[in-house]
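Below is one structure, written out as structure tokens, with a few remarks after it.
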Amino acid sequence: MDVNQFDFYLPEQLIAQTPLADRTASRLLTLDRATGKVEHHQFTDIMNYLHPGDLIVLNDTRVIPARLYGIKADTGAKVEVLLLKQEEGDVWEALVKPARKLKVGTVVTFSEELRAVVTEEQDMGGRLLRFEYEGIFQEILDRLGEMPLPPYIKEQLQDRERYQTVYAKHEGSAAAPTAGLHFTEELLLAIQDKGVQIAPITLHVGLGTFRPMSVDNVEDHVMHAEYFEISQESASLIAKTKAEGGRIIAIGTTSARTLESAAQQFGGSAIEACSGWTDIFIYPGYPFKLVDALVTNFHLPKSTLVMLVSALAGREHIMKAYEAAVQEQYRFFSFGDAMFIYDSRFNSK
């Protein structure tokens, strides 16, 4: 399958640079994957598409201030580090710039209390760094680090919490699960009052978010592994909802990937508590086992995320929906508007 089948025209001015003052003020494009029908709403209108017996699955990961700026100890040259994943002890996997100048043994100084040594070189700007510090690492990171906004966002973020969901709990992500940014605590309460249950799961968003596809054939792409956890309480809710004929509605592609990883592990919808690493790659032809509907943002052309939503809704439906979104000037990417993919053939109880 050719990667170019997932390309589309996107005017640069449609890339949202800042979050809206009100999280729920974003727009919502709904796509019926059964018919391809597209409609335009405000995000709060999602209430009209939710029914008693549905289960919303949220990714409660919390973004760490993972971008650090330092200097090479030997030359004073500037260095940028993006922390991706904590390995053993004080060793972290990271993306670095300029990678070609950061060889094994290079020392990077961030402040008097924090420095790192390159211990291993990896592909595409990846490095393993061993940190040395005085005090508590997380407190130092909170002081020195910046939120790791994607490279297409040029504006400075005034409030760090706007790149966190209101339900963010478990620290470990290098990027936010952005579909969740549209929800407020009040909206979540209203959803529950309607008879819709909520199940949190965790997937720490990592390297795959920052690396573009470098292959021509979709099947040749390899996803970077990310850590996930599903509690027994959430697993039981998911299995019970499926057994009783309710819909599993994933909030974001990270939730969808976590759910489908668990379904693969247990061979179907009767999942149990689990944790581990997943490199699941979902593209057209993939048979979804748990996810019935999806809330998601609008993604980059030729990205793995466009492929995932195309697997759920069909490539032609997605390409037409994205064309409509561009025509109607929806806001794209992390701080942009939302899409709700559902199936009108599904008879929720």
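Descriptive notes on the structure:
Let's see how each residue does on (1) open to solvent by 80 Å² or more (accessible area, probe 1.4 Å); (2) within 22 Å of ALA273 (Cβ to Cβ):
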| residue | (1), (2) |
| --- | --- |
| GLN156 | yes, no |
| ALA174 | no, no |
| LEU181 | no, no |
| ALA235 | no, yes |
| GLU244 | yes, yes |
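- Spans of strands (runs of 3 or more DSSP E) in segment 271-349 with at least 3 residues in contact with a Cys (Cβ under 9 Å, 6 or more places away or on another chain) and not assigned by the TED database to the domain that holds THR35: none
- If the condition is being assigned to a strand (DSSP E or B) and open to solvent by 20 Å² or more (accessible area, probe 1.4 Å), then segment 187-208 contributes GLN197, ILE198, PRO200.
- Segment 255-279, residues that are farther than 18 Å from LEU237 by Cβ and of a type in the set (Ser, Thr, Tyr): THR278
- Being among the polar types (S, T, N, Q), touching a Ser or Thr at 6+ places or on another chain (Cβ under 9 Å) and open to solvent by 20 Å² or more (accessible area, probe 1.4 Å) is a property that holds for SER344.
- Of all residues making up segment 260-296, the number that are in contact with a Lys or Arg (Cβ under 8 Å, 6 or more places away or on another chain) and either surrounded by 15 or more Cβ atoms within 10 Å (Cβ to Cβ) or closer than 28 Å to LEU28 by Cα (or both): 10
- Residue in segment 278-296 that is among the aromatic types (Phe, Trp, Tyr), at negative phi and within 18 Å of the chain's Cα centre (by Cα) present: yes
- Selection of first residues in segment 26-41 that are within 16 Å of ASP343 (Cβ to Cβ) and of second residues that are open to solvent by 60 Å² or more (accessible area, probe 1.4 Å) and among the hydroxyl-bearing types (Ser, Thr, Tyr), restricted to Cβ pairs under 7 Å at least 6 apart or on distinct chains, gives the following pairs, ordered by first then second residue: ASP32/SER344; ALA34/SER344; THR35/SER344.
- Residues of segment 147-167 satisfying the condition of being among the basic types (Lys, Arg) and in contact with a Pro (Cβ under 9 Å, 6 or more places away or on another chain): ARG160, ARG162
- The set of residues from segment 61-98 being within 21 Å of LEU187 (Cβ to Cβ), buried (at least 19 other Cβ atoms within 10 Å of the Cβ) and either free of Cβ contacts under 8 Å to residues at least 60 places away in the same chain or not hydroxyl-bearing (Ser, Thr, Tyr) (or both) comprises just one member, VAL63.
- From the list LEU102, LEU95, the lone residue that is more than 30 Å from ILE318 (Cβ to Cβ), at pLDDT below 95 and not assigned by the TED database to the domain that holds ALA311 is LEU102.
- Residue within segment 34-53 that is touching a helix residue (DSSP H, G or I) at 6+ places or on another chain (Cβ under 9 Å), outside any helix (DSSP H, G or I) and crowded, with 21+ Cβ neighbours inside 10 Å present: no
- Hits in segment 226-252 (condition: more than 20 Å from VAL196 (Cα to Cα) and under 13 Å from the mean Cα position of the chain (by Cα)): GLU226, TYR227, PHE228
- A Cβ distance below 6 Å, combined with a sequence gap of six or more or placement on separate chains, defines the contacts here; from segment 226-245, residues that are closer than 29 Å to GLN86 by Cβ reach residues that are assigned to a helix (DSSP H, G or I) in the pairs PHE228/THR258; ILE230/ALA262.
- Filter pass, THR254 being among the hydroxyl-bearing types (Ser, Thr, Tyr), open to solvent by 10 Å² or more (accessible area, probe 1.4 Å) and under 17 Å from LEU58 (Cβ atoms): yes
The values are calculated or read from the model by the stated rules, or taken from the named source; none is laboratory data. In this text the structure is predicted, and so the values were computed from the model without any measurement. Virtual Cβ from ideal backbone geometry, glycine too; neighbours counted across all protein chains shown. Calculation scope for accessible area: heavy atoms of the full protein, side chains included, ligands and nucleic acids excluded. Shrake-Rupley method; radii C 1.70, N 1.55, O 1.52, S 1.80 Å.
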